[in-house]
Each structure stands twice: as structure tokens, then as C-alpha cells.
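Below: the structure, in C-alpha cells.
The values are calculated or read from the model by the stated rules, or taken from the named source; none is laboratory data. Only a predicted model underlies this, so the values are computations on that prediction, with no experimental measurement involved. Glycine also receives a Cβ, built like all others from the backbone with ideal geometry; neighbour counts cover every protein chain displayed. When the accessible area is computed, the model is the full protein with side chains, heavy atoms only, and any ligands, DNA or RNA have been set aside. Shrake-Rupley method; radii C 1.70, N 1.55, O 1.52, S 1.80 Å.
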Amino acid sequence: MWERLTPGSVANQVEQQITQAIDSGRFAPGDRLPPEREFAELLGVSRPTVREAIGALKARGVVRVQHGRGVFIAEPETARELREALATQRHSISELFAMREVLEVPAAGWAAERQDTEALQRVSDVLRAMQEAAEQVPRDFDRLQQLDAAFHLAIVEAAGNKFLQQTLGVLQDILHEGMQTTLMVPGRVEKAREDHQRILDALLAGDPEAARQAALHHVHSARATAMRRLAERAEGDGMRG
């Protein structure tokens, strides 16, 4: 992953390598960089040079340093600002799913058009992992929810729009915080698996319209399940009151 730098290389070249690793998707927010000594050896530079590059990246908000733990890739400023803005407002589940539709439907079409082989393979890999997790007894719904989110984020990544990817990530976090996963509803895992497979088939076939329709159907189905779950919960609370 890392390329040794030639003698005379300076800290800004180390910065560039780290930035390129993030932009290419090899490193994501929360991932940890190699320890300073190991990193310096990998790049063929001195530890002070690595330290200088990390300091510059920290000042730009690209990485965060946790003493005793290491250096981690930070959440992009655009995503952080969006998260902070949305955190000050209350949003209905209906509004949040409407935003999912706005983001995920065109992303599926763009991913089908773009045909990034490596990115589409990641979509396939995540779906396979989700199917394997669904077959485990008992089911780990936290793991299933993480894989479900990863599946949709992988599609947005395949669409090639980083801002869209950041925005969907924030939206998924808000949905997760506001309610339990709909995958816990009986039969929902199986239905989601069918929907996901339909989306993937359209992506691999390079059919943008079919991909958009499959994504739209999936979001509508998930929204209906979420609204029904909330209604049942409200009815139960009313009876207890």
C-alpha cells in the first residue's frame, strides 16, 4: 500500500500519500495509521518527517491523534458539519427515509452506469457477508445492521460521489440512533436480502433504470416497515398509559 519515498523527500510527500490513501478508499474514517516507527520504515523517511506530516494533517482536520492509541483518520469536515447541523433539529422518520430515497436511488443508477469493477466487487462482498450473517443462529442484529449500512455505502462509493457517500453515512447514523433496526421485524431480513440481490443484479448488468427502480422499491419497503414498527410501538405505549 505504501511506497518508499526517495532520499530528500519531505513531509508534504508523506501528507500526499496519506491523502491519496484516503481519497482512494483504502483508509476510511476511524482507521488507524501504522505506528510512527513502522510508518517511517515503510516510507523510507525519518520519524521526525512522519511526525511533521501527521502534525500538518492534524491541523487540517484530516487525522486525529489519540495519545497512547495512535493516529486515526478523522471524519471529513463536510460530514462533521452536516452531522452537527442535523443534530440540532428533529426529523421525522418519514423525512429521513425521503432523504434516503433522494440519495440512494440516483446513486444506484450512477453505479450501474459507471461500472467500476473493483467497487462493484465490494458491493458483492458485503452482500455475501450479510447473507452469511443472516444464516447464523442466533442472529446478531447489530452485525446485520452494520452490514446493511455498508452495502448501501458501497453502492454510493461505486457511484463515485464522495460527498454523497458522506451524507448517506450521516443519515444512516441518525436513523440508527432514532430507532432499532427494522431487520428485527420477522421476515424483514429475508425481504431485504431479496431487495439487495435485485439491486446488485441490476448493477452488475449495467442497467441504470433497473438499479434505480430496485433501490426505490427497497427504500419504500424499508420505510413501510419502519412506520409500521413505530405505530405498533406507539399503540403499545398508549395501552400501557
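Condition (residue is open to solvent by 20 Å² or more (accessible area, probe 1.4 Å), part of a helix (DSSP H, G or I) and among the aromatic types (F, W, Y)) applied to the range 148-162: is it met by at least one residue?
no
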Where a residue in the range 29-44 is closer than 30 Å to F163 by Cβ and its partner, wherever it lies, is assigned to a helix (DSSP H, G or I) and among the aromatic types (F, W, Y), with Cβ under 9 Å and at least six apart: L33/F39
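In the range 23-40, how many are outside any loop (DSSP other than H, G, I, E, B) and surrounded by 15 or more Cβ atoms within 10 Å (Cβ to Cβ)?
Counting residues in the range 23-40 that are outside any loop (DSSP other than H, G, I, E, B) and surrounded by 15 or more Cβ atoms within 10 Å (Cβ to Cβ) gives 3.
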Failed item in (1) more than 18 Å from A21 (Cα to Cα); (2) at pLDDT 85 or above; (3) open to solvent by 90 Å² or more (accessible area, probe 1.4 Å), with K58 passing the rest: (1)
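Each row is one residue, and each column tells you yes or no for (1) open to solvent by 100 Å² or more (accessible area, probe 1.4 Å); (2) closer than 13 Å to A158 by Cα.
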position	(1), (2)
A98	no, no
E101	no, no
P106	no, yes
A111	no, yes
E118	yes, yes
S124	no, yes
E135	yes, no
D140	no, no
R143	yes, no
Residues (modelled with pLDDT of 95 or more, charged (D, E, K, R) and farther than 14 Å from M130 by Cα) located in the range 168-209: R198, D201, D207, E209
Selected residue (criterion: nearest to the chain's Cα centre (by Cα)) from residues of the range 195-211 that are of a type outside the set (A, V, I, L, M) and surrounded by 13 or more Cβ atoms within 10 Å (Cβ to Cβ): H196
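If I filter the range 87-103 down to residues being out of contact with any helix residue (DSSP H, G or I) (no Cβ under 6 Å at 6 or more places or on another chain) and modelled with pLDDT of 70 or more, which single residue comes out as nearest to M227 (Cα to Cα)?
Among those that are out of contact with any helix residue (DSSP H, G or I) (no Cβ under 6 Å at 6 or more places or on another chain) and modelled with pLDDT of 70 or more, it is S94.
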Residues within the range 145-159 that are more than 15 Å from D195 (Cα to Cα) and touching a residue at least 40 places away in the same chain (Cβ under 8 Å), tallied: 4
